[in-house]
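Heads up, the thing below is written out as structure tokens.
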Amino acid sequence: MKKPFFFFLLSGTWFSGVAQTQLKADENTDTTQSLEQVVVQSFGYNAHPARVPAAVSYLSAPDLNRFNGNDFVAAVNTAPGVKMDERSPGSYRLSIRGNLLRSTFGVRNVKVYWNGIPFTDANGNTYLNQIAFQNIGSMEILKGPSGSRYGAGTGGVLLLQSERLQDTGMGVRVHAAVGSYGMFTGGGRLALNNSSAQHLLSYSHQQSDGYRNHSRLVRRVADYSGVYQLSPSQKLHTHFFYSNLYYQTPGGLTQQEVAVNPRLARPGAENQQAALYLKTLYAGVSHEARIGNHWSTTTSVYASNTRFKNPTIRNYERKTEQGAGGRLEAAYSNKEWKLVAGGEFQHSFTNAGVYGNAGGVRDTLQSQDEISSTLYNIFVQGDVTLKQWLFSAGVSYNSGTYRFRRANIPGFEQQYRQFKPDLIPRIAVHRRVGKYVNLYAAVSKGFSPPSIDEVYASDAVFNQNLNAEQGTNYELGVKLLPVNNVFWGELAVYYYRLNETIVSRRDSTGGDYYVNAGTTDQWGVESALNYLALNQPNRWLSYVKCWTSITLTHARFVDYQKAQGDFDGNHLTGVPSQVVQTGVDVKTRNGITATVSHAFTGSIPLNDAGTFVAPHYNRLFARMDYTLPAKGKMKSALYLTWEKSFNNPFGLGNDLNAAVNRYFNPSAPWQITGGVVLKFRY
């Protein structure tokens, strides 16, 4: 218990410092408007993050553009408590508060919405790698169980927003960049807007040869977003995209192979043409309406079609997935209280075939399966404001059903797995202290059925014994609005006890399967601080901001035994104990913007036994942008980025509980990117 005690001691010191800051700030009543004009939608509050009684990280467009402009990995990792991995170019994992051990690949146990529309499908999977960097304008990350509003899940919620549309006129933007290891990205967008409608059409192409052998990536994304003002009280949003993604999978290496040459692919990966082909068409529509002064509704529907091919060393998987669903929210609000009720329904049908792999070509059929998934939740949330206090309570009712049939076996009886419907409550209280300090406390329950890729993993077995995860999270936090427009930040302290923890396994052939592994105890401290050292637009050096984020985690297995031994007390697989990010943003009057940042990630256990550990690593990032003087209706900018690791070889996404000790996916020790952006406004 020493580390949990240290966490709360540290948090007490932070709270004390904030209280002193508040006393000093109250002496100055001539405080100007907050620098951070941020409004988040988390839990439906439509407020500044400091006014939300939950741990929410907001990444704006400038935050996302601090790094190479090709992917989200480095930017997302600046959010405390959040870790995004890249096993190889195009292969992402996302962890919020240590939920990574379920994700051998892909994004699981994190609910994702795109412009308020469900993006995570009924199978429980999120193809985050389908989205191009240029498609996203901002992110909100809710940390911890948020099922009272967003349904099943124990990790958290990711809310993606497209780039904001300009109000009127026409605009064109073209961008291109080249970089290390054959990287090229390019594309453009066209915006057409008038008083009643806004349209944004974009296309992005990205390719890279990769640092390792057999790690090529090609991604093409076409996207359309539209906003239609139907009446003064009604608005219609439309979102469509088509994504065509291909990336090679080099596979994990042993320590001995890494020592010989970290750029190697796993033996057999090249001969078997191991890769992933993913094509998706997604369409979503949402309607907002205000009825009188107090009522409002938001209704959204979506449909998607995905074609998936995955030749691997052991087999060749081919599947199609069709999905559809919708979400409805109805709200009544006045000055003192607000009540929101709604629901969400999703259905997916998957036809999956597993074949032999003959050098990247489909061979003999091994299994042909049909899988359907149905998920729904009904929720209600009430908020009451009494002077400086906000009281919030919400609950959702969740149900999920999977059906499985092996179509290539005549007379095969359909198998059925229904997860017992469960209530997911959340209670929170928020207190404003003076102008700047905001305190909150929350208790929430987490409930997360396994995804289809966990029930029906790459071993092609329908696992009817896998149970849903359940847990309870206790959290305290303090959030500081900008004091004298100079200093702001936040701190969250939490304890999360998770039962029926789902962990990954690999059989001797490299096939994945999943089991429930008892209980985990997770204590954590998350902190983000910002200091605006200079903000004088008339000076040559006009802007200097220092920022840092710190994540401290004490996560352990409890009541976890298996045939290989007793793992009680072992570190939670895939979770570093310390992550520290620091940086400085600088602007000059003549169009130069620069940022330099450093990231430290502590050692990471790679298996449940703790016998394989990825060592800690340090990375340095730098970026400089130069905006040239405008020429008529054209604006242009040049940028150069550089990133370097000081602990090589290192991996941004090593494998967990890997077979035959193939844990390591080495990442590039350094990268350089240079690009140009042209903008035309009419």
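The values are calculated or read from the model by the stated rules, or taken from the named source; none is laboratory data. Note that the coordinates shown come from a computational prediction; the quantities given were computed from them, not determined experimentally. Quick reminder, even Gly has a Cβ in these numbers, built from the backbone with ideal geometry, and neighbours come from all protein chains shown.
When PRO80 is evaluated against the numbered criteria (1) over 27 Å from SER225 (Cα atoms); (2) in a strand (DSSP E or B); (3) under 13 Å from the mean Cα position of the chain (by Cα), which criterion, by number, is the only one it fails?
Of the numbered conditions (1) over 27 Å from SER225 (Cα atoms); (2) in a strand (DSSP E or B); (3) under 13 Å from the mean Cα position of the chain (by Cα), the odd one out for PRO80 is (2).
So which of TYR332, TYR355, TYR316 ends up being among the hydroxyl-bearing types (Ser, Thr, Tyr), surrounded by fewer than 18 Cβ atoms within 10 Å (Cβ to Cβ) and touching a Phe, Trp or Tyr at 6+ places or on another chain (Cβ under 6 Å)?
TYR332
Considering only residues that are β-branched (Val, Ile, Thr), touching a residue at least 40 places away in the same chain (Cβ under 8 Å) and in contact with a Phe, Trp or Tyr (Cβ under 6 Å, 6 or more places away or on another chain), which ones fall in segment 373-426?
VAL384, ILE424 - these are the residues of segment 373-426 that are β-branched (Val, Ile, Thr), touching a residue at least 40 places away in the same chain (Cβ under 8 Å) and in contact with a Phe, Trp or Tyr (Cβ under 6 Å, 6 or more places away or on another chain).
From the list VAL503, VAL525, VAL461, pick out the single residue that is under 19 Å from PRO145 (Cα atoms), at pLDDT below 85 and not polar (S, T, N, Q).
VAL503
Of (1) touching a residue at least 40 places away in the same chain (Cβ under 8 Å); (2) of a type outside the set (A, V, I, L, M); (3) touching a Lys or Arg at 6+ places or on another chain (Cβ under 7 Å); (4) surrounded by 14 or more Cβ atoms within 10 Å (Cβ to Cβ), ASP521 satisfies all except one. Which?
Answer for ASP521: the failing condition is (1).
Is it the case, given these coordinates, that ARG219 is touching a Ser or Thr at 6+ places or on another chain (Cβ under 9 Å), crowded, with 16+ Cβ neighbours inside 10 Å, under 21 Å from ASN135 (Cα atoms) and among the basic types (Lys, Arg)?
Yes.
Of everything in segment 130-181, what is among the acidic types (Asp, Glu) and in contact (Cβ under 8 Å) with a residue 40 or more places away in the chain? Give them in sequence order.
GLU140, GLU163
Which ranges mark the strands (runs of 3 or more DSSP E) fully within segment 151-228 that have 3 or more residues being farther than 25 Å from TYR282 by Cα and either touching a helix residue (DSSP H, G or I) at 6+ places or on another chain (Cβ under 7 Å) or among the aliphatic types (A, V, I, L, M) (or both)?
169-179
So which strands (runs of 3 or more DSSP E) stay within segment 424-528 end to end and still have 2 or more residues that are of a type in the set (Asp, Glu)?
469-483
Is one or more of the residues making up segment 329-340 out of contact with any strand residue (DSSP E or B) (no Cβ under 7 Å at 6 or more places or on another chain) and not basic (Lys, Arg)?
yes
I'd like to verify a number: residues in segment 414-443 that are more than 30 Å from ASN485 (Cβ to Cβ) and out of contact with any strand residue (DSSP E or B) (no Cβ under 8 Å at 6 or more places or on another chain), how many?
1
Which of the residues that make up segment 229-259 are of a type in the set (A, V, I, L, M, F, W, C), assigned to a strand (DSSP E or B) and in contact with a Phe, Trp or Tyr (Cβ under 9 Å, 6 or more places away or on another chain)?
Answer for segment 229-259, where residues must be of a type in the set (A, V, I, L, M, F, W, C), assigned to a strand (DSSP E or B) and in contact with a Phe, Trp or Tyr (Cβ under 9 Å, 6 or more places away or on another chain): LEU236, PHE240, PHE241, LEU245, LEU253.
Just to check your reading of the model, which residue among GLY186, GLY210, GLY182 is within 22 Å of LEU640 (Cα to Cα) and crowded, with 21+ Cβ neighbours inside 10 Å?
Within the list GLY186, GLY210, GLY182, the selection yields GLY210.
If the requirement is being polar (S, T, N, Q), surrounded by fewer than 22 Cβ atoms within 10 Å (Cβ to Cβ) and within 19 Å of TYR127 (Cβ to Cβ), which of these qualifies: GLN161, GLN198, GLN229, GLN248?
GLN161 is the lone residue from the list that is polar (S, T, N, Q), surrounded by fewer than 22 Cβ atoms within 10 Å (Cβ to Cβ) and within 19 Å of TYR127 (Cβ to Cβ).
On the basis of being over 28 Å from ASN530 (Cβ atoms) and in a loop (DSSP other than H, G, I, E, B), does GLY124 make the cut?
In short, yes.
Select from segment 85-111 the residues that are part of a strand (DSSP E or B) and surrounded by fewer than 22 Cβ atoms within 10 Å (Cβ to Cβ) and list them in ascending order.
Once the filter is applied, which keeps residues that are part of a strand (DSSP E or B) and surrounded by fewer than 22 Cβ atoms within 10 Å (Cβ to Cβ), segment 85-111 yields GLU86, SER91.
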